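Just so you know, all these numbers are worked out from the coordinates, no wet-lab data involved. Source: prediction; values computed, not measured. Heads up, the Cβs are rebuilt from the backbone with ideal geometry, glycines too, and the neighbour counts pull from every protein chain shown.
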Amino acid sequence: MQLAQPTAQELNDYRIGMQSNAAAFIERHQQEHLHDDSLFDRTVNHLVDVWDVPVFMADRLVHLAMTERLPKDSRWIGIDMASGSDFCVFHDRRTNTAVPVPSSNRLHSFLQDLANPAPR
């Protein structure tokens, strides 16, 4: 018995569908998480538990869904830390380019601190 391989179109449809599910979950629950980052984690868990999305893919889909909610032109650079353990990707929205940047422990910890500032 041979399993059928999904086509590129089917994979893209799956990604779009799961990203839409993430966006809908964020929309429903955003008022519960006004000043913390737990909505991201909760949405990832929702995709994994309810929709059986692999964790590595759920992180990326939630990141994309949250990025789409930002007001246009509010930020011109984005940092995707969920691209892999050995690199992150900088997205320049002005030029519509993405640049993979090798992760070093120093860069990774700097970006984590930047994304999750310590309370003062």
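Projected onto the charge dipole of the range 13-71 (+1 at Lys/Arg Cβ, -1 at Asp/Glu Cβ, origin at the Cα centre), which of Gln30, His63, Val48 gives the Cα projection farthest towards the positive end?
Farthest along the dipole direction, towards plus: His63.
One-quarter of the Cα convex hull surface for the range 7-69, in nm²?
With every direction weighted equally, the projected area is 4.1 nm².
For Tyr14 and Val99, what is the calculated FRET efficiency with R₀ set at 30 Å and r taken between the beta-carbons, to the nearest 0.05? Display every interim value, and only then the final one.
Working: r = 27 Å, r/R0 = 0.89.
Result of the calculation: an efficiency of 0.65.
So how far apart, in nm, are the two label points at Asp41 and Lys72 if each is 7 Å from Cα heading toward Cβ?
Label at Asp41, label at Lys72, 3.5 nm between them.
Hey, rough spin-label estimate for Gln2 and Asp86, points 7 angstrom out along Cα→Cβ, what's it come to in nanometres?
3.2 nm
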